[in-house]
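Nothing in this text is a laboratory measurement; each read-out follows from the coordinates by a stated rule. As the structure is a prediction and not an experimental result, all values here were calculated from the model. For neighbour counting, all protein chains shown are included, and Cβ atoms are generated from backbone atoms with ideal geometry for every residue, glycine included.
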Amino acid sequence: MTQKLIALDLDGTTLNNQSQITKETARVLKKAEAAGNLVAIATGRPNRISVNYYHQLQLHSPMVNFNGGLIHVPGQIWAGERDSTIPRELVFDVLKLKQELPIQMVAAEGKDFLFADQLADLDIGFFPTQLAADQILNEQTLMTDPTSLTIFLANKDQVYVKQVLGEKYPEIAMNSWGGEVNALEIVHHGINKYAGVRYVADYFNIADEDIIAFGDEVNDLDMLTNVGWGVAMANAVPEIKGIANDVTTLTNDQNGLADYLQRYLSL
């Protein structure tokens, strides 16, 4: 049997609505690995809030974080590690923009660090509600280029901020978050989940046709449209269901991923 790369989004896909991996999902993924396939997480989450799931699944594969910005093997020195950073000067420019724009919060992250200019008063779960003194974002604390910069600001101000930063930093890409939280995420130009998954596949000599990927949100679009078999979850947004090769019968809260994969791989 040809080795498959199984690329997994986390939220709304591998995780249920309580942000947990069920025993059934873990069991099926273990069986998929035992059959000779490579299971890899591909998430928009940073390393700090996804590595727990990586260890729970007892994976040894590279993990794709920040929607492709960071590709690494947690806890190991891996020759293929890639971190696509953005200039720290950009972060300092955004901090200066706070003087003229109603920016609520600025957070810069890398593989092993998180800096924010204030506490998150938003209940979004992705950012801590407490910061240590050495986590306060300024020119003294941020000494290295981050992988990702997140700016929380009103939708009406996003066009102006995109224009200002885009003109000065052509090497970046800017994505607006969906949902209730108004945020702009900045990463290196060309970063997306498919580019990250393709990098992992190249490392292990796996062709596109042998990649199966699961997702539910707009940040999964590149991944699902470019791999050999892109599967949207039953709970996916309409745009993703529309472009996927197939849609699971069950949702992420009904072990939809495990159910589909078990049948697809005849486990």
TODO: Could you sort out which of K4/K31; K156/K193; K111/K168; K96/K162; K23/K111; K111/K156 sit more than 21 Å apart by Cα distance in this structure?
DONE: K156/K193; K111/K168; K23/K111; K111/K156
Task: Choice from V39, V64, V164 with maximal GNM fluctuation in the chain (Cα, 10 Å cutoff) - done: V164
Open item on the list: Based on alpha-carbon centroids, what's the gap between the range 238-257 and the range 1-64 in Å, whole number please?
Closed with: 17 Å
Open item on the list: I need the trypsin sites (Lys or Arg not before Pro) found in the range 183-261, filtered to DSSP loop residues with at most 14 other beta carbons within 10 Å of theirs.
Closed with: none
- [ ] Anything in the chain that counts as a DSSP H helix reaching 15 Å or more along its axis (C-alpha) with Kyte-Doolittle mean of at least -0.5? List them, would you?
- [x] 193-203
TODO: Write down the percent of antiparallel bridges among all DSSP beta bridges whose residues are both part of the range 88-188, to the nearest 5.
DONE: 95 percent
TODO: Taking only Cα atoms and a 10 Å spring cutoff, compute GNM fluctuations for the chain and point out the largest among T150, T13, T129.
DONE: T129
TODO: Please figure out what share of the DSSP beta bridges in the chain is antiparallel and state it in percent, rounded to the nearest 5.
DONE: 60 percent
- [ ] Quick one: check the C-alpha center-to-center distance for the range 173-236 versus the range 94-118, whole angstrom.
- [x] 25 Å
Task: Loop-located GluC sites (Glu not before Pro) in the range 175-267, at most 14 other Cβ atoms within 10 Å (DSSP) - done: E180
Open item on the list: Please list, by residue number, every one of the GluC sites (Glu not before Pro) in the range 1-109 that is coil in DSSP and has at most 12 other beta-carbon atoms within 10 Å.
Closed with: E100
Task: Sites N205 and K98, calculated FRET efficiency, Cβ-Cβ separation with R0 45 Å, nearest 0.05 - done: 0.45
Task: MRE, 222 nm, helices only [DSSP H, n ≥ 4, -39500 (n - 2.57), over the chain, to nearest 500] - done: -8000 deg cm²/dmol
Open item on the list: Please check: in the Gaussian network model of the chain (C-alpha springs, under 10 Å), which one of L250, L70, L38 has the largest mean-square fluctuation.
Closed with: L250
